[in-house]
Amino acid sequence: MLGHRVAFFLRADNNLYESINSAFIKFRFFDLLKNMEDNIKDLEEFNPTILVAPASVLKEIGKEKINKGINSLNPKKIISVAEVLTDSDERFIKKAFNKNIIHQVYQCTEGFLAYTCECGNLHINEDIVKIEKEKIDEERFIPIVTDFYRKTQPIIRYRLNDVIVSTNRKCECGSSFMVIDKIEGREDDIFIFKSSVEENTDVQVYADFISRCLVYAPDITNYRVVQTDKEHIIVYIDNTEENVKEKIIEEFKTLAERKKFKNPQIEFKEYETEKGKKVKRVERRF
Ligand SMILES: [Zn+2]
């Protein structure tokens, strides 16, 4: 880590990381509540070797890098934290920074749970935590965490509110620690629709399926889907042209047929986020 410059983009209320500065490593914190253009200017000047930020912010920086042709910003390592890294965002960030791997750190107040190895796979830190799987379907599970080192506030069989997608992939890095495919989102953000075949029955739909309804729509770079009740969703997109909306409506119709739920009413709105707030691409609000 000699001579590394680490740039952290974090929300002001985040206290997971403490600042350490030494001759070998320099940290700089960037406040997400500040103007992003100014932040990016400062970032260019700092010229980080490691860039750490929530996925949505990495994407924003990547977009600026492409649009303004900022060639100087080439961190060796990019680490996504605090938000779900969706497949489409990961592809975008890789392309923008010309990287094969976007690293992830999966950390919460309950512990430092997983990180990406040099081969690009996400390993559970099985030397620090034990994760038991509460299966919710063939590939998904809710992690139940036991932390081996916490003594003052022990974490023993603590059920997290996250949905993890598992994989049988073995990693070539040499680590035998459990590999997971991805963190899909919060359990309470799983969408719930009414069944189209059975009365008074609900159908749960995972975030990945919702995201996939958006990724095939042309020319969208940012989206959020919010479910307000079992029959209504709001789609926030940065391109609200008719053909884009039609494509999304069609994708939801196909998904509803496949998963056998009543197709919801879709309302479209201009993409917006609240400054400094965690961006959830897929969110349930009831
Ligand atoms: Zn590995």
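Each row is one residue, and each column tells you yes or no for (1) among the acidic types (Asp, Glu); (2) out of contact with any Phe, Trp or Tyr (no Cβ under 7 Å at 6 or more places or on another chain); (3) outside any loop (DSSP other than H, G, I, E, B).
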{"residue": "Cys213", "(1), (2), (3)": "no, no, yes"}
{"residue": "Asp219", "(1), (2), (3)": "yes, yes, no"}
{"residue": "Ile233", "(1), (2), (3)": "no, yes, yes"}
{"residue": "Asn263", "(1), (2), (3)": "no, no, no"}
{"residue": "Lys280", "(1), (2), (3)": "no, yes, no"}
Seminar exercise, completed: Filtering region 255-286 for residues that are exposed (fewer than 13 other Cβ atoms within 10 Å of the Cβ) and either more than 23 Å from Ile192 (Cα to Cα) or β-branched (Val, Ile, Thr) (or both) leaves a count of 5
For this session: Sort through Asp238, Asp188 and tell me the only one that's surrounded by fewer than 16 Cβ atoms within 10 Å (Cβ to Cβ) and closer than 21 Å to Val165 by Cα.
Result: Asp188
Seminar exercise, completed: Listed by first then second residue, the pairs whose first member lies in region 113-128 and is at positive phi, whose partner is part of a strand (DSSP E or B), with beta carbons under 9 Å and at least 6 positions apart or on separate chains, are Gly120/His103
Seminar exercise, completed: Over region 33-85, the set of residues under 15 Å from Thr116 (Cα atoms) and among the polar types (S, T, N, Q) is Ser80
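The rows are residues; the columns are (1) within 23 Å of Asp208 (Cβ to Cβ); (2) more than 15 Å from the ligand (Cβ to nearest atom); (3) among the small types (Gly, Ala, Ser).
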residue: Glu90; (1), (2), (3): yes, yes, no
residue: Lys94; (1), (2), (3): yes, yes, no
residue: Glu118; (1), (2), (3): no, no, no
residue: Ile124; (1), (2), (3): yes, no, no
Problem set entry | Test: Lys151 is at pLDDT 95 or above, assigned by TED's automatic domain parsing to the domain that holds Asn121 and either more than 16 Å from the ligand (Cβ to nearest atom) or over 15 Å from His123 (Cβ atoms) (or both) | no
Exercise. Just a yes or no: is a residue in region 72-87 surrounded by 16 or more Cβ atoms within 10 Å (Cβ to Cβ) and within 16 Å of the ligand (Cβ to nearest atom)?
Worked result: yes
Exercise. Could we say that Arg157 is exposed (fewer than 15 other Cβ atoms within 10 Å of the Cβ) and away from the ligand (no atom under 14 Å from the Cβ) here?
Worked result: yes
Problem set entry | Enumeration of residues in region 160-194 that are acidic (Asp, Glu) and within 16 Å of the ligand (Cβ to nearest atom) | Glu172, Asp181
Exercise. Does any residue of region 266-279 turn out to be among the β-branched types (Val, Ile, Thr), at pLDDT 95 or above and assigned by TED's automatic domain parsing to the domain that holds Tyr216?
Worked result: yes
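The values are calculated or read from the model by the stated rules, or taken from the named source; none is laboratory data. The model shown is predicted, which means the values in this text are computed figures rather than measured ones. So basically every Cβ, Gly included, is an ideal-geometry build from the backbone, and we count neighbours across all protein chains shown.
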